[in-house]
1. Would you check which residues across the range 228-241 are touching a Ser or Thr at 6+ places or on another chain (Cβ under 8 Å) and touching a residue at least 60 places away in the same chain (Cβ under 8 Å) and list them?
2. Residues in the range 134-160 that are at pLDDT 80 or above and surrounded by 18 or more Cβ atoms within 10 Å (Cβ to Cβ): how many?
3. With the checklist (1) within 30 Å of residue 333 (Cβ to Cβ); (2) buried (at least 16 other Cβ atoms within 10 Å of the Cβ); (3) not assigned by the TED database to the domain that holds residue 261 in hand, flag the one item residue 114 doesn't pass.
4. So which of 151, 137 is under 13 Å from the mean Cα position of the chain (by Cα) and closer than 21 Å to residue 97 by Cβ?
5. So which residues in the range 161-170 are among the small types (Gly, Ala, Ser), surrounded by fewer than 17 Cβ atoms within 10 Å (Cβ to Cβ) and in contact (Cβ under 8 Å) with a residue 12 or more places away in the chain?
6. Please verify whether residue 195 is crowded, with 20+ Cβ neighbours inside 10 Å and either touching a residue at least 12 places away in the same chain (Cβ under 8 Å) or closer than 17 Å to residue 122 by Cβ (or both), treating the condition exactly as stated.
7. Within the range 312-326, which residues are in contact with a Ser or Thr (Cβ under 9 Å, 6 or more places away or on another chain) and either outside any loop (DSSP other than H, G, I, E, B) or open to solvent by 60 Å² or more (accessible area, probe 1.4 Å) (or both)?
8. Please determine whether any residue of the range 243-266 is outside any helix (DSSP H, G or I), buried (at least 16 other Cβ atoms within 10 Å of the Cβ) and over 24 Å from the mean Cα position of the chain (by Cα).
Amino acid sequence: MRPIQPPPPSTTNTRTDNRTRRRPDLTLPLPRREPSLAVPLPLPPPTNPSSSSSSSGSLQPPPQHTQLSFSELDKERRIGSGSGGTVYKVCHRPTGKIFALKVIYGTHEDSVRRQICREIEILRQVNNPNVVKCHGMFDNAGEIQVVLEYMDGGSLEGTHIPNESSLSDLSRQILCGLSYLHRRKIVHRDIKPSNLLINAKREVKIADFGVGRILAQTMDPCNSAVGTIAYMSPERINTDLNQGVYDGYAGDIWSFGVSILEFYMGRFPFNVSRQGDWASLMCAICISPPPEAPHTASRELRSFLACCLQREPSKRWTAEKLLLHPFIANNQNHNQVQNQSQNQVQNQVHQHQLHQQQQHHHHHQHVLPPQQHSSSSHG
């Protein structure tokens, strides 16, 4: 009741006081929904201002997407769980297709839900062989449930890959996915072995991004509920580094480098436990020199990891540039030569088999007429 403007006449002042007293008592009824019903979350409203006032239009999915029904998904078994939720293997009854259903625990504010909604629509448009496909999202009794591509090989957590050729192929696939996401202005923020999945075709795909990034914005990024800081870049943990500027793309490259080094060494590459306390991890990542590949590694691999694990974010190579690094390019060329050699050998074997078949066929044709003639003469 301290007006900023000069005091108006007394009659107006009385009306203002009345309004001030009544204002805390004003409430608007919020719409109620039935939590037992599982329905797809509404998509973001259209950008056309004329249709923004209509809520019914935003409930309809785009025509290019096939909408899954939550009631048609049968849970088969749990395939993973963590502090933020649980992942199930589910079967879509009408088609028999297998999906992964990620259930995110907790209730979320409307603003967070709207952000998640927009993010999911972006993820549904992501289409890359090295990124896990997102097929849809449901709101089931207040829980957010995301339908994802199922990867039957599981995650690469705990995997030891000392063979550099295999490690190069793995790195190339991850970088292809990262490069695709970064070109679309999507930052993962949580690259680590457990978020890298593989299938029976040996295809490696990046998982668990988007929704996790939005949820993390509502919490302290170093909170254990969000995830370990073990794979975070120094400037993300200590905001005093790099003049307080955080480059998410460069942060993804650091996390990628730590993961690749862990695959090669067969253990977490810092001199501290990955599950260590926050202070120990912070000192190892932010104060100690960046980890390096052991001397048993080739010069190409050591150079490749050094390009990822630079203290200064601006010195880290981009995903696009790393794909041209000799550790990736030379191995890819070697594989192509090997494939060409294998194809040439297979072609030579095939040609030899055809030649033998043709010779056998000609010989059979040459021998057959006398036999027919002989049999006819005995007749």
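The values are calculated or read from the model by the stated rules, or taken from the named source; none is laboratory data. Computed from a predicted structure; not experimentally measured. With ideal geometry, Cβ positions are generated from the backbone for all residues, glycine too; neighbour counts draw on all protein chains shown. Keep in mind that these areas ignore ligands, DNA and RNA; they rest on the heavy atoms of the full protein, side chains included. Shrake-Rupley method; radii C 1.70, N 1.55, O 1.52, S 1.80 Å.
1. Residues of the range 228-241 that are touching a Ser or Thr at 6+ places or on another chain (Cβ under 8 Å), as a first pass: 231-233.
Scanning the range 228-241 gives a single hit, 233.
2. Here is the first cut: in the range 134-160, the residues at pLDDT 80 or above are 134-138, 144-160.
So of that shortlist, the ones also surrounded by 18 or more Cβ atoms within 10 Å (Cβ to Cβ) come out as 134-138, 144-148, 150-151, 155-156.
Final tally of qualifying residues: 14.
3. The number of the failed condition is (1).
4. Numbers: 137 fails: under 13 Å from the mean Cα position of the chain (by Cα).
One residue alone meets the criteria, 151.
5. Taking the range 161-170 as the starting set, the residues that turn out to be among the small types (Gly, Ala, Ser) are 165-166, 168.
Within this subset, residues satisfying the condition of being surrounded by fewer than 17 Cβ atoms within 10 Å (Cβ to Cβ) are 165-166.
Selection gives 165 alone.
6. Values: crowded, with 20+ Cβ neighbours inside 10 Å: yes; either touching a residue at least 12 places away in the same chain (Cβ under 8 Å) or closer than 17 Å to residue 122 by Cβ (or both): yes.
Considered against the rule, which asks whether it is crowded, with 20+ Cβ neighbours inside 10 Å and either touching a residue at least 12 places away in the same chain (Cβ under 8 Å) or closer than 17 Å to residue 122 by Cβ (or both), residue 195 comes out as yes.
7. First, the residues of the range 312-326 that are in contact with a Ser or Thr (Cβ under 9 Å, 6 or more places away or on another chain): 313, 316, 318-320, 322-323, 325-326.
Answer for the range 312-326, where residues must be in contact with a Ser or Thr (Cβ under 9 Å, 6 or more places away or on another chain) and either outside any loop (DSSP other than H, G, I, E, B) or open to solvent by 60 Å² or more (accessible area, probe 1.4 Å) (or both): 313, 318, 319, 320, 322, 326.
8. no
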